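Everything on this sheet refers to the single structure shown next.
Coordinate-derived values only; no laboratory data. Since we're looking at a predicted model, the values are computed, not measured. Cβ placement follows ideal geometry from the backbone for every residue including glycine, while neighbour counts extend to all protein chains displayed.
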Amino acid sequence: MSILDEWIVFDTNIWIFGLRRVPNIPACAQLLECLDRLRVVLPRQILQELQANLSENEITTLFRLLSRFPGRLRISWDKTSPQIISKYQREGCKLGDAVIAAHLEELDIKILVSENRDFLKEIRNLPFRRLSASQALAELKQSTT
Amino acid sequence: MDARVEKLAAEIASLGEAEQKALLERAAELSLRHGLAELSENYRKRLQQQGELDRTAEDILAKLRQIREEIAAREYSG
């Protein structure tokens, strides 16, 4: 399955670096501009992290933009499984990272895009792939040519 | 209806089905880009006013990690 067919999750840093237009990581902003071609899931933990970073107006504007592509965006407000969180914590994850991994596993997501290179690095046999924004863009380009 | 919109609608209606589909997809893409650019500009303006815009990527990641742990602790502790 290509990145175009998979439901994927953008880590909070992709949204924030992209909207901030952090100069040395232009791939994040470029990836956000491809949202109309991707299938993106927003799990509860990431929604809450976005709410902690963006103002109410900014969140409203972001969701107004995303709502133009209803078939390409899924919002999951459900809490994730404490059992799966514990499993990742036992493998050495901090609570927050364990929550993200548990969301992905529970939602059966196969790709996490993140600029945090150390995120879940120590965990073996993750049920999803980790890609940087530039790797995700490269896969997207490859899938559309 | 605005005469300009009426003229555009008539032009679009005169296109073939495939062209209409391509046009609508392109319009959605451009609209998303414009919307994101505007949101980004407003967000950056607010960060500038708060003296937060020039943080390094590492600083931002550290702050995001801290927020992640705080939210997770609130939601899942006990």
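Values for this structure:
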| item | result |
| --- | --- |
| In order through the range A:61-76: 3J(HN,Hα) via Karplus (6.51 cos²θ - 1.76 cosθ + 1.60), integer Hz, x for Gly, Pro | 4, 4, 6, 5, 5, 5, 5, 6, 10, x, x, 10, 9, 10, 9, 10 |
| Among B:ALA18, B:LEU8, B:THR56 - extreme Cα towards positive end, dipole of chain B, charges at beta-carbon | B:THR56 |
| Sorted peptide list for A:59-67, A:34-42, B:51-59, criterion being average Cβ within 10 angstrom, highest first | A:34-42, A:59-67, B:51-59 |
| Average partner coverage of B:49-56, which counts Cβ from other chains inside 10 Å | 1 |
| Shielding by partners - mean other protein chain Cβ count within 10 Å, residues of A:10-22 | 4 |
| Two-site FRET efficiency, B:GLN20 against A:GLN142, from Cβ-Cβ distance with R₀ of 22 Å, rounded to 0.05 | 0.20 |
| Number of partner chain Cβ atoms within 10 Å, mean per residue of A:49-58 | 4 |
| Over chain A - Rg/Rh using Cα atoms and the Kirkwood inverse-distance radius | 0.94 |
| Order by protection proxy (mean Cβ within 10 Å, highest first), peptides A:8-21, B:12-25 | A:8-21, B:12-25 |
| Dipole in debye (nearest 20) - the protein assembly as shown, about Cα centre, beta carbon charges: Lys, Arg +1; Asp, Glu -1 | 280 |
| Charged-residue dipole, Cβ positions (Lys, Arg, Asp, Glu), the range A:1-125 about Cα centre, Debye nearest 20 | 80 |
| Segment B:GLU11-B:ALA57, extension gain: residue separation times 0.36 nm, minus the distance between their alpha carbons | 11.9 nm |
| Quarter of Cα convex hull surface for the range A:44-105, i.e. mean projection, nm² | 4.7 |
| Cα-centre dipole for chain B with unit charges at Cβ (Lys and Arg positive, Asp and Glu negative), debye to 20 | 240 |
| Length gained when the stretch A:ILE123-A:SER86 is fully extended (0.36 nm per residue, less Cα-Cα span) | 12.0 nm |
